[in-house]
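Read-outs: derived from the displayed coordinates by stated rules, not from any lab. Only a predicted model underlies this, so the values are computations on that prediction, with no experimental measurement involved.
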């Protein structure tokens, strides 16, 4: 088992008791610098990342016999990271998304709903009109939350 697989297995085992889940892995070619991203419906605490990191460290001390030093990091994905798992969408309902479809069409609008197979976005079609678009999750190439510092009017 490669080091990336070993660490992934440890992380997923630790996450079973939580509502968090592994959403991505970034690594260099030699797998000596690896970043693991976890997410949940309520965000990811530093305590959870630390707890998992300590568990990974203990197991690597026992099982990793390669002389090649490795560096790993466990964190939540940053705000600029794309959404890659349908479980990441519900906490962003009400926020603006930019969705790039497999067809390369770009759709920007407010996330209104999420189901097991699709998302619903409210897309502006004129200054005063909006329409709902249902997008099948499999048709999404990339989806990112648009960060806004504007306050919504009440």
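Calculated [222 nm] ellipticity per residue, helices only, for the chain: -6500 deg cm²/dmol; basis is -39500 (n - 2.57) per DSSP H run with n ≥ 4, divided by all residues, nearest 500. Dividing the mean sequence gap of close Cα pairs (under 8 Å, 6+ apart) by how many residues segment 72-154 holds gives a relative contact order of 32 percent. The length gained on full extension between residue 5 and residue 128, counted as 0.36 nm times the residue separation minus their Cα-Cα distance, comes to 39.2 nm.
Report Rg(Cα)/(2.2 N^0.38 Å) for the chain, keeping two decimals. Computed over Cα atoms of the chain, the ratio equals 1.25.
Specify whether the C-alpha gyration tensor of segment 86-145 places it in the rounded, prolate or oblate class, a ≥ b ≥ c being the square roots of the eigenvalues: rounded for a/c under 1.5, otherwise prolate if a/b is larger than b/c and oblate if not. Oblate, since a/c reaches 1.5 and b/c is not below a/b. Measuring nothing but how far apart in sequence close Cα pairs (under 8 Å, 6+ apart) lie, relative to its length, the chain scores a relative contact order of 18 percent.
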